[in-house]
Amino acid sequence: FIAAHADFLSTKLLAADGLAHNGYNVATGTPDASPTTLESQAAAVRALFEAYLSTSREEYRARAQKAYEALDARFYHPTLRIYRPVLDEERSFVFAASRFGILQSALRQMYIHVGARPGNEAVRAVLEQRLGRLNKLVLNGWDDRNGNDKVDYPSECMLRQTDVSRGGLQM
């Protein structure tokens with residue numbers, strides 16, 4: 001049962017380059033043509049790692065890694081150091097709890113099943129940086145613009161209310 005779902009995800013919902021589709025119409029045999037969302041891409045990463053854990057089939061781990069590579073290459077905005085909510089989005093970066101949760105879980109699974117393995121120190125370092133930044137910015141509402149690891153109030157606080165700093169999703 002798990003393998004059947006993973007095969008469907010791997011062959012129908014994930015393109016050869018690792019980019020996920022938001023859905024698939026079984027009746028017409030066609031994938032959703034709308035721009036891929038961060039949630040769809042991250043969910044593909046997470047689901048394929050879960051399939052790998054359940055079946056021990058290495059091809060699912062390889063497909064999960066390919067989906068992660070597409071996530072990092074196509075959704076990560078290097079200047080802002082945050083993930084786009086929709087493919088090619090350049091203006092609006094909004095995170096709700098569900099978006100944060102699925103992205104964080106995909107990055108965590110990539111860290112556990114690829115980054116933590118011997119020989120993957122470079123991947124591990126990137127994931128640690130991405131997870132740390134995601135937690136600082138989205139969860140805590142702090143944008144460490146100058147990289148000094150200190151909250152420089154109020155310029156680096158994303159949410160302020162009557163001169164009191166507020167956390168992002170923790171609020």
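The values are calculated or read from the model by the stated rules, or taken from the named source; none is laboratory data. A quick note: this is a predicted structure, and the numbers were derived from the prediction, not measured. Here the Cβ is made from the backbone with ideal geometry for all residues, glycine too, and neighbour counts use every protein chain on show. When the accessible area is computed, the model is the full protein with side chains, heavy atoms only, and any ligands, DNA or RNA have been set aside. Shrake-Rupley method; radii C 1.70, N 1.55, O 1.52, S 1.80 Å.
I need the phi-derived Karplus couplings for the stretch 101-115: 6.51 cos²θ - 1.76 cosθ + 1.60, θ = phi - 60°, integer Hz, Gly and Pro marked x.
So the Karplus estimates, Gly and Pro as x, are x, 5, 5, 4, 5, 5, 5, 5, 5, 5, 4, 5, 8, 10, x Hz.
Which one of Q65, F95, L53 has its Cα pushed farthest toward the positive end of the charge dipole of the stretch 22-149, where Lys and Arg give +1 and Asp and Glu give -1 at the Cβ?
Sorting the options by dipole projection puts first L53.
On the full set of protein chains, 1.4 Å probe, figure out the accessible area of T28 and give it in Å² to the nearest 10.
Its heavy atoms expose roughly 90 Å² to the probe.
What's the magnitude of the charge dipole for the chain around its Cα centre, counting Lys and Arg as +1 and Asp and Glu as -1 at the beta-carbon? Answer in Debye, nearest 20.
Approximately 200 debye in magnitude.
How large is the dipole of the stretch 1-62 about the Cα centre if only Lys and Arg carry +1 and Asp and Glu carry -1, each at its Cβ, rounded to the nearest 20 debye?
That gives a dipole near 60 debye.
Could you work out the relative contact order of the stretch 1-64? I mean the mean sequence separation of Cα pairs under 8 Å and 6+ apart, divided by the number of residues, in percent.
Value for the stretch 1-64: 31 percent.
Can you give the accessible area per residue of the chain, in Å², using a 1.4 Å probe?
53
Could you order peptides 136-148, 57-69 by the average number of other Cβ atoms within 10 Å of their residues, highest first? Mind showing how you got there, number by number?
On the way: 136-148: 16.5, 57-69: 20.4.
Highest mean packing first, the order is 57-69, 136-148.
Along the charge dipole of the chain, Cβ charges K/R +1 and D/E -1, which of L80, P35, G141 sits furthest on the positive end?
So the residue furthest toward the plus end is G141.
Quick check: at a probe of 1.4 Å, how many percent of the accessible area of the chain sits on carbon and sulfur atoms?
55
So who's got an amide H within less than 5 Å of the one on G23, skipping anything under 5 residues away but keeping other chains? H placed 1.01 Å off N, in plane.
D32
Which whole-Hz ³J(HN,Hα) couplings does the stretch 61-78 yield from phi under the Karplus relation 6.51 cos²θ - 1.76 cosθ + 1.60, θ = phi - 60°, glycine and proline marked x?
Coupling constants for the stretch 61-78: 5, 5, 5, 5, 5, 5, 5, 5, 4, 5, 4, 5, 6, 9, 10, 6, 9, x Hz.
Amide H neighbours of I82 under 5 Å, at least 5 residues apart or on other chains, H built in the peptide plane: list them.
Here H77 satisfy the definition.
Answer rounded, prolate or oblate for the stretch 9-50, using the Cα gyration tensor with square roots of eigenvalues a ≥ b ≥ c: rounded when a/c is under 1.5, else prolate when a/b is larger than b/c, else oblate.
It is prolate, given that a/c is not under 1.5 and a/b is the larger ratio.
With the cut-off at 1.5 for a/c, could you classify the stretch 29-72 from its C-alpha gyration tensor as rounded, prolate or oblate?
Values: a/c = 2.36, a/b = 1.72, b/c = 1.37.
It is prolate, given that a/c is not under 1.5 and a/b is the larger ratio.
Rounded, prolate or oblate: which fits the stretch 1-151, taking a ≥ b ≥ c as square roots of the Cα gyration tensor eigenvalues, rounded meaning a/c under 1.5, else prolate when a/b beats b/c? Display every interim value, and only then the final one.
Details: a/c = 2.32, a/b = 1.41, b/c = 1.65.
Since a/c reaches 1.5 but b/c is at least a/b, the shape of the stretch 1-151 is classed as oblate.
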